[in-house]
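*Asks:* The structure follows.
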Amino acid sequence: VRRCAAGVDVGGTKILGTVVDRAGEVRSHIRVPTPAAGEAVLDAVAGVVLQLWEAEPGAAGGAVGVGMPGLVDRAGVLRYAPNLPGVIDLDVAGGLARRLRSVGATAHVVVDNDATCATAAEHALGAAGGAGDAVMVTFGTGIGGGLVASGAIVHGSGNFAGEIGHMVVDAGGPVCACGGRGCWEVHASGRALGRQAREAAAAGRAPGVLERAGSVEAVQGEHVVEAALAGDAGAVAILERFGEWVAVGLANIANMLDPEVVVLGGGIVRAGPALLDPVQRAFMAAVEGARHRPVMRIVPALFGSEAGAVGAGVLALEAGD
Ligand SMILES: [Zn+2]
């Protein structure tokens, strides 16, 4: 049984690496840009792993976990990655193991979806704290998700479970990056918040947000968060409406899975009560029999941008048991 593992999270723009041990301690942090082509991505990941091993000799030659932004099958092949254009059917597990073998290492490589990795981090060490039934929702360019049922991560038949961002909440609504219409992430992702804020700013309803961004085109979700934290009424109103879209999806999740806790991650969660309060109110109005069921806790994630890397390490440790 190994004591620690390397965890690497590959994002659309950057690759993050860290080492996590069984006590939940996270050590070493390495960050490099994500190259454009698939094989170059694997070269970069191998380079990050070797740097981590050098910094933390206790992890050297041991388990390696990798989180990838897309559909990863049970063999560790990245089948589809909407945010890594041109990367398709990439054998991440095989390609990385081959690269590490070429320098004399026989590491066991585990690869999974990045949001599934983040879920493992929050469930093992973070805000979901070992809950039997839990859901993780991460708000970014899209909405990522991970499900825990009866204490275990739900992988699904093809390892593609938890794609909750593409749950349809607005049949016939706006087109999604996946080609469908009215998916949850069209209305409730970080990117969607930015679009809603630009509309509000253009209509003169969010002067405080507009002032922070400089122009309507420059408005992003983070400007809404900053303005709301400063008590700006226009930003608070944007988050109220946005929170209703978040709650629609959470109610669907609660009706289907009945989790005891839902962990929300991503930069917009920094807004705190300005986001969580309207979400909680709208959720109670939307879920079946709200007053006749235990309160589902809706809490912010403990791990920030490192959740995917930490969780990849956690999955690698668990796989090595
Ligand atoms: Zn979609």
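*Asks:* Given a Förster radius of 25 Å and the C-beta distance between Ala177 and Met284 as r, what FRET efficiency does 1/(1 + (r/R0)^6) yield to the nearest 0.05?
*Replies:* Efficiency at R0 = 25 Å is approximately 0.25.
*Asks:* Moving on to the next point. For a label point 7 Å from the Cα of Glu39 along Cα→C-beta, name the residues of the range 67-109 whose backbone N is under 19 Å from it.
*Replies:* 77-79, 85-103, by backbone N distance to the label point.
*Asks:* Stretched out fully, how many nm does the piece from Ala75 to Ala218 gain, at 0.36 nm a residue minus the Cα gap?
*Replies:* 47.3 nm
*Asks:* Can you give the FRET efficiency for Ala237 and Arg293, using 1/(1 + (r/R0)^6), R0 = 22 Å, r = Cβ-Cβ distance, to the nearest 0.05?
*Replies:* Efficiency at R0 = 22 Å is approximately 0.15.
*Asks:* Which translational diffusion coefficient, to the nearest whole µm²/s, is obtained for the range 26-100 from the Stokes-Einstein equation, given a Kirkwood hydrodynamic radius over C-alpha pairs, 10 °C and 1.306 mPa s?
*Replies:* 122
*Asks:* Ranked highest first by average number of other Cβ atoms within 10 Å, how do 82-92, 226-236, 167-177 line up?
*Replies:* Per-residue mean Cβ counts within 10 Å order the peptides as 226-236, 82-92, 167-177.
*Asks:* Taking R0 as 35 Å, what's the FRET efficiency between Ala152 and Leu229 from their Cβ-Cβ distance, rounded to 0.05?
*Replies:* Step by step, r from the Cβ atoms, then E = 0.45.
*Asks:* Can I ask one more? Quick check: residue separation of Asn83 and Lys14 times 0.36 nm, minus the Cα distance between them. What number comes out in nm?
*Replies:* Length gained between Asn83 and Lys14: 23.7 nm.
*Asks:* If a/c stays under 1.5 just call it rounded; otherwise compare a/b with b/c (prolate if a/b is bigger, oblate if not). Do that for the range 247-321, with a ≥ b ≥ c from the square roots of the Cα gyration tensor eigenvalues.
*Replies:* The shape class here is oblate.
*Asks:* Quick check: at a probe of 1.4 Å, how many percent of the accessible area of the chain sits on carbon and sulfur atoms?
*Replies:* Of all accessible area on the chain, carbon and sulfur atoms account for 53 percent.
*Asks:* Turning to a different aspect of this structure: Sort all Cα-Cα distances of the range 89-241 into consecutive 10 angstrom bins from zero, then give the percent of pairs in each bin up to the one containing the longest distance.
*Replies:* Here the calculated profile for the range 89-241 is 11, 26, 28, 22, 10, 3, 0.
*Asks:* What figure, in Å² to the nearest 10, do you get for the accessible area of Glu54 with a 1.4 Å probe and non-protein molecules left out?
*Replies:* Ignoring ligands and nucleic acids, Glu54 comes out at about 150 Å².
*Asks:* If the chain were replaced by its equivalent ellipsoid, with semi-axes equal to the square roots of 5 times the Cα gyration tensor eigenvalues, what would those be, largest first, whole Å?
*Replies:* For the chain, the ellipsoid semi-axes come out as 34, 22, 18 Å.
*Asks:* Which whole-Hz couplings ³J(HN,Hα) result when phi for each residue of the range 228-239 is put into the Karplus expression 6.51 cos²θ - 1.76 cosθ + 1.60, θ = phi - 60°, listed in order with x for Gly and Pro?
*Replies:* So the J values, rounded to whole Hz, are 5, 5, 8, x, 5, 5, x, 5, 4, 5, 4, 5.
*Asks:* Name the shape class, rounded, prolate or oblate, that the alpha-carbon gyration tensor gives for the range 1-154, where a ≥ b ≥ c are the square roots of its eigenvalues, rounded holds for a/c under 1.5, and otherwise prolate holds if a/b is larger than b/c and oblate otherwise.
*Replies:* Since a/c reaches 1.5 but b/c is at least a/b, the shape of the range 1-154 is classed as oblate.
*Asks:* GNM, the chain, Cα, under 10 Å: largest mean-square fluctuation among Gly158, Gly70, Gly267?
*Replies:* Gly158
*Asks:* At 1.4 Å probe size, with no ligands or nucleic acids counted, give the accessible surface of Arg293 in Å², nearest ten.
*Replies:* 60
*Asks:* Related question: Rounded if a/c is under 1.5, else prolate if a/b is larger than b/c, else oblate: which is the range 197-321, with a ≥ b ≥ c the root eigenvalues of its Cα gyration tensor?
*Replies:* oblate
*Asks:* Within the range 283-318, whose backbone N sits under 19 Å from a point 7 Å along Cα→Cβ of Gln51?
*Replies:* Counting only backbone N, you get 305-313.
*Asks:* Further, regarding this structure: Pulled fully out, how much extra length does the chain show between Ser102 and Arg31, if you take 0.36 nm times their separation in residues and subtract their Cα-Cα distance?
*Replies:* Between Ser102 and Arg31, full extension yields 23.3 nm more.
The values are calculated or read from the model by the stated rules, or taken from the named source; none is laboratory data. These numbers were taken from a predicted model, which means no experiment stands behind them. Neighbour counts are summed over all protein chains in view; Cβ atoms, including those assigned to glycine, are modelled from backbone coordinates with ideal geometry. Please note that ligands, DNA and RNA were not included when accessible areas were found on the heavy atoms of the full protein model with its side chains. Shrake-Rupley method; radii C 1.70, N 1.55, O 1.52, S 1.80 Å.
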